[in-house]
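Asks: Just passing along the structure, written as structure tokens.
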Amino acid sequence: MENTEIIKVQHLAKNFGSFQAVKDVSFTVNKGDVFGFLGPNGAGKSTTIRCMLSLIKPDKGQIQLFGKDLNQHRNEILSRVGSIIEKPDFYRYLSAEKNLAIFARISGKDVSKKEIAEMLDFVGLNGRNRDKVGGFSHGMKQRLGIAQTLLHQPDLIVLDEPTTGLDPQGIVEIRNLILRLKSEQNKTVILSSHQLSEIELISNRMVIINKGQSIIEGDVKELLNAQEMVVQMEVNDMEKTVNVLQASFQSASFKKINERIIEVTIEKQLVPSLNRLLVQEGVEVHAMEPKRKLEDFFMKIIQS
């Protein structure tokens with residue numbers, strides 16, 4: 001079964017005066033994806049998302065949603081999209097259900113009280129329907145925001161940094177809710193984040209962007225479990241360790257961190273042989289810590 005493209009962004013660029021917020025971003029989101037949009041703060045994620053939602057106009061590039069050009073079919077496309085950009089805003093002195101009823105009228109959709117109650121139940125706010133939103137926690141407001149995005153039954157949900165400012169419990173609740181959007185509501189979700197660990201737990205596909213450019217795109221599991229990995233080792237004899245690597249593991253590369261710690265980039269299946277040969281040569285391996293290559297790569301992006 002072929003993948004159906006929901007989003008196709010090609011060579012997007014956007015300037016604000018002399019500042020180039022987005023230089024060259026391209027990626028594809030397929031139907032049913034929870035798609036991770038990953039990059040450090042200031043990478044251009046929010047600007048790209050605002051272009052994709054027609055909130056700002058890009059200077060260059062093409063954006064297609066549901067197989068149609070955003071410029072030519074803006075209203076039709078946006079009627080199928082729900083989004084939370086930054087933190088959701090509500091009428092603090094009105095109840096959760098009244099807020100949703102108002103937003104439903106604004107969107108032009110006829111949504112019954114029963115449907116609103118079902119949406120509140122879906123996002124875990126059952127029993128808080130008539131409570132004033134001003135008394136809600138940040139996490140509850142985020143979940144109410146997701147209920148709001150569902151009012152017009154969109155096919156695509158766009159969430160820009162939805163777990164920012166949440167405590168650990170709130171993060172877990174939003175994470176589980178996003179997974180249920182896919183499994184129970186059959187939604188396609190694009191999730192912006194600056195945390196690789198969050199994307200790893202929730203997304204099946206991802207793109208990394210940095211300094212306004214897309215760097216790498218693909219299946220999350222494949223990217224995180226590449227055959228080549230980085231192993232950081234603490235040894236008592238650096239000279240013998242280097243000799244073993246140069247004599248028996250020519251395909252591996254290494255970098256000495258200090259007199260006792262060396263970082264080796266090597267194929268995953270060769271790690272046991274490396275450890276065995278070092279021991280046979282009398283090298284004491286005090287620690288061996290595997291690091292995922294993508295994680296190492298992403299950390300270098302953040303630190304650059």
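The values are calculated or read from the model by the stated rules, or taken from the named source; none is laboratory data. A quick note: this is a predicted structure, and the numbers were derived from the prediction, not measured. Cβ placement follows ideal geometry from the backbone for every residue including glycine, while neighbour counts extend to all protein chains displayed.
Asks: Among the listed residues I77, I63, I56, I102, which satisfies the condition of being free of Cβ contacts under 8 Å to residues at least 24 places away in the same chain, hydrophobic (A, V, I, L, M, F, W, C) and in contact with a strand residue (DSSP E or B) (Cβ under 9 Å, 6 or more places away or on another chain)?
Replies: Going through I77, I63, I56, I102 in turn, just one is free of Cβ contacts under 8 Å to residues at least 24 places away in the same chain, hydrophobic (A, V, I, L, M, F, W, C) and in contact with a strand residue (DSSP E or B) (Cβ under 9 Å, 6 or more places away or on another chain): I77.
Asks: Of everything in segment 281-294, what is free of Cβ contacts under 8 Å to residues at least 60 places away in the same chain and touching a helix residue (DSSP H, G or I) at 6+ places or on another chain (Cβ under 9 Å)? Give them in sequence order.
Replies: E281, G282, V283, E284, V285, M288 - these are the residues of segment 281-294 that are free of Cβ contacts under 8 Å to residues at least 60 places away in the same chain and touching a helix residue (DSSP H, G or I) at 6+ places or on another chain (Cβ under 9 Å).
Asks: Any residue that is out of contact with any helix residue (DSSP H, G or I) (no Cβ under 8 Å at 6 or more places or on another chain) and modelled with pLDDT of 90 or more - is there at least one of those in segment 196-209?
Replies: Looking through segment 196-209, at least one residue is out of contact with any helix residue (DSSP H, G or I) (no Cβ under 8 Å at 6 or more places or on another chain) and modelled with pLDDT of 90 or more.
Asks: List the strands (runs of 3 or more DSSP E) that sit entirely inside segment 24-120 and contain at least 3 residues that are closer than 25 Å to I174 by Cα.
Replies: Those strands (runs of 3 or more DSSP E) span 34-38, 81-84.
Asks: Here's a check for you: in segment 66-121, which residue that is closer than 30 Å to Q10 by Cα and hydroxyl-bearing (S, T, Y) is nearest to the chain's Cα centre (by Cα)?
Replies: Top of the filtered list is S83.
Asks: Identify, from the list R175, R180, R205, the residue that is closer than 23 Å to L65 by Cα, under 15 Å from the mean Cα position of the chain (by Cα) and basic (K, R).
Replies: Only one candidate passes the filter, namely R205.
Asks: Which residue out of L177, L151, L166 is buried (at least 16 other Cβ atoms within 10 Å of the Cβ), touching a Leu at 6+ places or on another chain (Cβ under 7 Å), among the aliphatic types (A, V, I, L, M) and at negative phi?
Replies: L151
Asks: Can you spot a residue in segment 182-202 that is acidic (D, E) and closer than 29 Å to I257 by Cβ?
Replies: yes
Asks: Oh, and also: Check off (1) of a type outside the set (A, V, I, L, M); (2) at pLDDT 90 or above; (3) loosely packed, with under 15 Cβ neighbours inside 10 Å; (4) in the same structural domain as H11 (by TED's automatic domain parsing) for E259 and give me the number that stays unchecked.
Replies: That leaves (4) as the condition not met.
Asks: Mind checking whether some residue in segment 147-156 is within 19 Å of G39 (Cα to Cα) and within 18 Å of the chain's Cα centre (by Cα)?
Replies: No, segment 147-156 contains no residue that is within 19 Å of G39 (Cα to Cα) and within 18 Å of the chain's Cα centre (by Cα).
Yes/no matrix, rows are residues, columns are (1) more than 30 Å from D160 (Cα to Cα); (2) more than 26 Å from the chain's Cα centre (by Cα):
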| position | (1), (2) |
| --- | --- |
| I199 | no, no |
| K211 | no, no |
| I215 | no, no |
| V230 | yes, no |
| S248 | yes, yes |
| V264 | yes, yes |
| L270 | yes, yes |
| S273 | yes, yes |
| Q280 | yes, yes |
